[in-house]
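Just below is one structure, and these are the notes that go with it.
The values are calculated or read from the model by the stated rules, or taken from the named source; none is laboratory data. Being a predicted model, the structure only gives us computed values, none of them experimental. For neighbour counting, all protein chains shown are included, and Cβ atoms are generated from backbone atoms with ideal geometry for every residue, glycine included.
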Amino acid sequence: MQPLKLVFAGTPDFALPCLRTVLSGPDALLAVYTQPDRPAGRGRQLAPSPVKQLALAHGIEVRQPASLRDADAQAALRALQPDLMIVVAYGLLLPQAVLDIPRFGCWNVHASLLPRWRGAAPIQRAIEAGDIESGVCLMQMEKGLDTGPVLLSLATPIAPDETGGSLHDRLAALGAEVLGDGLKLLRAGLRPAPRPQPSDGATYARKLEKSEALLDLTRPATELANRVRAFHPWPVAELEFEGERLRVHAASALDVPHAQPPGTELAATREGLDLACGDGALRLRVVQRAGGRPLPVGDFLNARRARAR
């Protein structure tokens, strides 16, 4: 088969390894779609997405429609006559009219083992739920939310100390790998066989909200430790301690019996600050005071003692 005519749609850092795979291959990348520039930083100046920056650096046309439901936007895409549209964390819904434009439809690289964790935040929700495995799927897109048949997939274990950030980076790399495999097959005239998602086991990964960051110490320690890992590096878990809000960058769950009210300080050593939970204890290992920087808990406790003098 001749090199493919591709369109790429993506926005954040997660999409960059997949875009690099396309850029380094033999196919013709006709255009890159990404979300409109958004305010960022302290000055709230409009900033281009990571995908836009990479595309422009390679001289690729960038398109930023506010919606793909617009007839003019659809006509502009149709005029490219693409063989395939690749979608990776684009952030905009694709109506059926768009899905029907490319000759081979639209492929999506999704950061979970579907049907588990359809939706916006599959990486963080997997860690939060205590999953021991994640992965990526190359999916043939259809109108439903992440409901299309799976073409290829790769699985990876979730380590006990895995964070949202570390799993994000590993799955981004796996996504590029599974996309590259799919494109090789398609160029050879071997369309990956679609496997319909089973109806059992479907879960929805709702979008992360800043309001979720506050830890409720009446909950089990294991649940809270998972949330600390899942919410790092964003939005970063927080809790109330001695009248101030602490950001918790690293913590672990201790299976220790106690009869203390949630939030009670059980121990304070260089190994950690242990707080009573509804079940077990949460050991804080790296914390950050408002306006400060993240500190190992031993340094935090030393500063606490100095303030108490």
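The number of residues in region 78-100 that are in contact with a strand residue (DSSP E or B) (Cβ under 7 Å, 6 or more places away or on another chain) and among the hydrophobic types (A, V, I, L, M, F, W, C) comes to 9.
When region 264-309 is filtered for residues that are part of a loop (DSSP other than H, G, I, E, B), without any contact (Cβ under 8 Å) to a residue 60 or more places away in the chain and surrounded by 16 or more Cβ atoms within 10 Å (Cβ to Cβ), only Arg289 remains.
Scanning region 2-16 for residues that are more than 13 Å from Leu183 (Cα to Cα) and assigned to a loop (DSSP other than H, G, I, E, B) returns Thr11, Pro12. Here the condition is being of a type in the set (A, V, I, L, M) and either surrounded by fewer than 20 Cβ atoms within 10 Å (Cβ to Cβ) or outside any helix (DSSP H, G or I) (or both); of Ala250, Ala176, Ala225, it holds for Ala250 alone. Looking only at region 228-247, residues that are at pLDDT 95 or above and either closer than 22 Å to Leu113 by Cβ or not in a helix (DSSP H, G or I) (or both) come to 13 in all. Taking every residue in region 177-206 that is within 18 Å of Lys5 (Cα to Cα) and pairing it with any residue that is small (Gly, Ala, Ser) and in a loop (DSSP other than H, G, I, E, B), at least 6 positions away or on another chain, the pairs with Cβ-Cβ distances below 8 Å are Gly180/Gly25; Leu183/Gly25. Being part of a helix (DSSP H, G or I) and either exposed (fewer than 13 other Cβ atoms within 10 Å of the Cβ) or in contact (Cβ under 8 Å) with a residue 40 or more places away in the chain (or both), is that true of even one residue in region 28-41? Checked against the condition, which is being part of a helix (DSSP H, G or I) and either exposed (fewer than 13 other Cβ atoms within 10 Å of the Cβ) or in contact (Cβ under 8 Å) with a residue 40 or more places away in the chain (or both), region 28-41 yields no hits at all. Is it the case that region 270-283 has a residue that's at pLDDT below 95 and among the acidic types (Asp, Glu)? Within region 270-283 (the criterion being at pLDDT below 95 and among the acidic types (Asp, Glu)), the answer is yes, since at least one residue qualifies.
So which residues in region 63-87 are farther than 16 Å from Lys5 by Cα and either among the small types (Gly, Ala, Ser) or not assigned by TED's automatic domain parsing to the domain that holds Ala97 (or both), if there are any at all?
First, pick out the residues of region 63-87 that are farther than 16 Å from Lys5 by Cα: 63-75.
Of everything in region 63-87, those that are farther than 16 Å from Lys5 by Cα and either among the small types (Gly, Ala, Ser) or not assigned by TED's automatic domain parsing to the domain that holds Ala97 (or both) turn out to be Ala66, Ser67, Ala71, Ala73, Ala75.
In region 154-172, the qualifying residues are those that are under 14 Å from Ile132 (Cα atoms) and charged (D, E, K, R), and the one that is surrounded by the most Cβ atoms within 10 Å (Cβ to Cβ) is Glu162.
Any idea which residue in region 199-222 is nearest to Asp274 (Cα to Cα), counting only those that are in a helix (DSSP H, G or I) and not β-branched (Val, Ile, Thr)? Even if it seems obvious, please write down each step before you answer.
In the first step, residues of region 199-222 are kept if they are in a helix (DSSP H, G or I); the result is 210-213, 221-222.
Remaining after also requiring not β-branched (Val, Ile, Thr): 210-213, 221.
Working: Lys210: 24, Ser211: 24, Glu212: 22, Ala213: 19, Ala221: 10 Å.
So, considering only residues that are in a helix (DSSP H, G or I) and not β-branched (Val, Ile, Thr), the one nearest to Asp274 (Cα to Cα) is Ala221.
Among the candidates Tyr90, Tyr33, single out the residue that is over 18 Å from the mean Cα position of the chain (by Cα), closer than 21 Å to Met139 by Cβ and aromatic (Phe, Trp, Tyr).
Values: Tyr90 fails: over 18 Å from the mean Cα position of the chain (by Cα).
It is Tyr33.
Please work out if Ala89 is under 16 Å from Gly175 (Cβ atoms), touching a Pro at 6+ places or on another chain (Cβ under 6 Å) and in contact (Cβ under 8 Å) with a residue 60 or more places away in the chain. Considered against the rule, which asks whether it is under 16 Å from Gly175 (Cβ atoms), touching a Pro at 6+ places or on another chain (Cβ under 6 Å) and in contact (Cβ under 8 Å) with a residue 60 or more places away in the chain, Ala89 comes out as yes.
So that you can scan it fast, the table gives a plain yes or no per residue for (1) assigned by TED's automatic domain parsing to the domain that holds Asn108; (2) among the acidic types (Asp, Glu); (3) more than 20 Å from the chain's Cα centre (by Cα):
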residue	(1), (2), (3)
Arg170	yes, no, no
Leu183	yes, no, yes
Arg195	yes, no, yes
Leu215	no, no, yes
Ala237	no, no, no
Ala251	no, no, yes
Gln260	no, no, yes
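When Leu84, Leu19, Leu23 are checked against the criterion of being in contact with a His (Cβ under 7 Å, 6 or more places away or on another chain), closer than 15 Å to Leu179 by Cα and not hydroxyl-bearing (Ser, Thr, Tyr), a single residue qualifies: Leu23. For region 1-27, the set of residues classified as closer than 15 Å to Leu80 by Cβ and either among the polar types (S, T, N, Q) or surrounded by 17 or more Cβ atoms within 10 Å (Cβ to Cβ) (or both) consists of Leu4, Leu6, Val7, Phe8, Ala9, Val22, Asp27, listed by residue number.
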